[in-house]
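No value in this document is a laboratory result; all are computed from the given coordinates. If you're wondering where the values come from, they're calculated on a predicted model, not measured in any experiment. No Cβ is skipped: glycine too gets one built from the backbone with ideal geometry, and neighbour counts run over all protein chains shown.
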Amino acid sequence: MRMTNRLAVLAAVTTLAIGGAAGCAKEDKGGTTDTGVALIKSGSLTTCTHLPYAPFQSKDSSGKVVGFDVALIDLVATKLSVKQEIVDTPFEGIKSGADLNSGKCDVAAAGMTITDERKKVLDFSDPYFDATQALATQTGKEVKTLEELAGKRLGVQGGTTGEDYINTQVKEKSLKIEVVSYKDLAALQQALATNQVVAAVNDLPVWNEYIKANPGKVVVAAGFDTGEQYGFAVKKGNAELLKAVNEALAAARTDGTYDKIYAEWIGAKPAA
Ligand code: ARG
């Protein structure tokens, strides 16, 4: 199985090397860690994510990608004695499994909700974070219900569970909302800040982080308890890597590292 995959990757690499003689391509052909986990690039655990999605993943002032997910996957990398390398790529290719299947990365860590649909194309780790959806507006322009948004523009982030939730509500309740989909979180937040939309839906921790960074501008006006859980994902069938991810998560939960990382990136834990 692993051999077949590697041959497929090799074939792809060879095809891409325009006019190059076979064998001359400099591409890394991957490697296997001492722990027997196959990786697409030797010495690295390559992570696909979609930036920005603070506090889970975003660039700090020096351009380094940091966040809750980054810190947790660093634990997996350490366990495998390799370094995490992060690839920023649209969410669509992450959630569809395309990026993992094509060997763009070993693992996906993108504040990604575990859903039945995604489970068909990805293998998810144990859940590592609980989330809900939230409706944000500018301060002083609060809207408490979706019904109040009739005839108005509501922003969502393309390909996300927030977008799915809103589209389902609009359909089920025949709401006359103009739903506008943005390609990433930055575009959505910009749209809200510049009155392109009167409200915007995304995962609650992401709004909390935005409010921390831009005090007084935006408020969470309403919440939708969607009961979501985030999972890291690997290519379907990559049981060795999935095991390493789950073991690193479990160890972090036991030894207090998870709580430390949670406190650093998310803040105080809600009462259980
Ligand atoms: N939790 C939501 C979902 O899974 C949003 C994730 C968006 N993540 C990102 N890194 N852009 O659909």
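Quick notes on this structure:
- When the convex hull of its Cα atoms is projected in every direction, mean area for region 88-188 (nm²): 7.6 nm²
- Taking region 175-272 and dividing mean pair separation by its residue count, relative contact order in percent (alpha carbons under 8 Å, at least six apart): 13 percent
- Pairs of C-alpha atoms in the chain farther apart than 25 Å represent 49 percent of all such pairs.
- Taking amide H as placed 1.01 Å from N in the peptide plane, the amide H of residue 53 sits under 5 Å from that of 58, each at least 5 places away or on another chain.
- Debye, to nearest 20: dipole size of the chain, +1 on Lys, Arg Cβ, -1 on Asp, Glu Cβ: 460 debye
- Neighbour net charge for residue 232 - beta-carbon separation under 11 angstrom, K R +1, D E -1: -4
- Close amide H contacts of residue 179 (hydrogens built in the peptide plane, cut-off under 5 Å, sequence separation of 5 or more or a different chain): 154.
- GNM top mover of 73, 261, 114 - the chain, alpha-carbon springs below 10 Å: 261
- From phi via Karplus (6.51, -1.76, 1.60), per-residue ³J(HN,Hα) for region 173-190 in Hz, x at Gly/Pro: 9, 6, 7, 9, 9, 8, 8, 10, 9, 10, 6, 8, 5, 4, 5, 5, 5, 5
- Listed by chain and number, the lysines placed with their C-alpha closer than 28 angstrom to that of residue 243 are 29, 41, 64, 79, 83, 95, 104, 119, 120, 235, 260, 269; residues fewer than eight positions away on the same chain are left out.
- You can think of it this way: the chain between residue 255 and residue 126 has 44.7 nm of extra reach, that is 0.36 nm per residue less the Cα-Cα gap.
- Summed residue charge, Cβ within 12 Å of residue 261's Cβ, Lys/Arg positive, Asp/Glu negative: -2
- Computed over neighbours whose Cβ is under 12 Å from that of residue 177, the net charge equals +2, Lys and Arg +1, Asp and Glu -1.
- Just so you know, the Rg over Rh for region 172-272 is 1.05, from Cα atoms, with Rh as the Kirkwood radius.
- The string of couplings for region 248-258 from the Karplus curve (6.51, -1.76, 1.60, θ = phi - 60°) is 5, 5, 4, 5, 5, 5, 6, 8, x, 5, 4 Hz, one whole number per residue in order, with x for Gly and Pro.
- Its residue count N fixes a reference of 2.2 N^0.38 Å for region 180-220, and the Cα radius of gyration divided by that reference is 1.05.
- Look at the dipole of region 60-177 built from charges on Cβ: of 96, 149, 78, the Cα furthest out on the positive end belongs to 149.
- The phi-based Karplus calculation (6.51 cos²θ - 1.76 cosθ + 1.60; θ = phi - 60°) puts the 3J(HN,Hα) values of region 114-130 at 6, 10, 4, 5, 5, 4, 6, 10, 9, 9, 8, 6, 4, x, 10, 7, 9 Hz, whole numbers, x for Gly and Pro.
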